[in-house]
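The values are calculated or read from the model by the stated rules, or taken from the named source; none is laboratory data. Note that the structure is predicted; figures quoted are calculated from it, not measured. Because the Cβ atoms are built from the backbone with ideal geometry, glycine has one as well, and the counts that use them run over all protein chains shown.
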């Protein structure tokens with residue numbers, strides 16, 4: 001049996017691994033880290049994640065931080081061939097691309113000034129915003145999920161960021177494909193369970 005603990009804070013990026021754990025159906029414990037009390041900077045927690053950020057995850061002797069790494073670890077170990085394409089699956093390359101694209105390209109684009117100047121963009125790792133959104137639009141206009149007709153952990157990783165960005169109106173006039181994709185994601189029971197835990201109605 002897995003011995004998984006998710007170090008979790010509500011109203012945070014912890015939504016992503018909690019959603020994936022729910023999709024896989026693994027038993028897991030939750031250790032709540034209070035950001036208000038700055039427990040993420042405590043000596044005990046810094047031994048788990050020296051960056052002093054949530055989420056982090058332990059699985060027995062294994063410790064993983066950073067959402068894409070957590071998603072890759074969980075899906076490969078506990079859902080290989082299902083939520084993670086197997087190593088010889090032709091979709092594996094696309095899967096890894098979107099998994100890393102989520103925080104290396106999409107997230108900094110959405111939370112940085114809208115600068116489509118190609119000269120300025122050449123100095124950034126993520127390029128121009130319109131190209132980032134166009135890449136997603138073209139993919140999701142032709143298939144329901146990022147790697148085609150099968151939902152994967154890459155949809156959890158990127159989709160969790162997209163849902164928050166759309167909710168917070170970070171994308172002006174989002175393409176219809178992204179809005180429809182978000183509707184498909186939010187209809188999933190595992191998404192709903194994780195969302196209820198991450199954004200509880202009672203903030204006390």
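Every test in (1) at pLDDT below 95; (2) assigned to a strand (DSSP E or B) is passed by residue 2 save one, and that test is (2).
Using the structure shown, decide if residue 25 is within 23 Å of residue 186 (Cα to Cα) and surrounded by fewer than 17 Cβ atoms within 10 Å (Cβ to Cβ).
Details: within 23 Å of residue 186 (Cα to Cα): yes; surrounded by fewer than 17 Cβ atoms within 10 Å (Cβ to Cβ): yes.
Answer is yes for this residue.
Considering every residue within segment 152-166, establish whether at least one is free of Cβ contacts under 8 Å to residues at least 60 places away in the same chain and surrounded by fewer than 16 Cβ atoms within 10 Å (Cβ to Cβ). There is no residue in segment 152-166 that is free of Cβ contacts under 8 Å to residues at least 60 places away in the same chain and surrounded by fewer than 16 Cβ atoms within 10 Å (Cβ to Cβ).
Yes or no: residue 113 out of contact with any helix residue (DSSP H, G or I) (no Cβ under 8 Å at 6 or more places or on another chain), over 28 Å from residue 172 (Cα atoms) and assigned to a loop (DSSP other than H, G, I, E, B)? Criteria not met by residue 113. Among the residues of segment 58-102, those that are in a loop (DSSP other than H, G, I, E, B) and under 14 Å from the mean Cα position of the chain (by Cα) comprise 66, 83.
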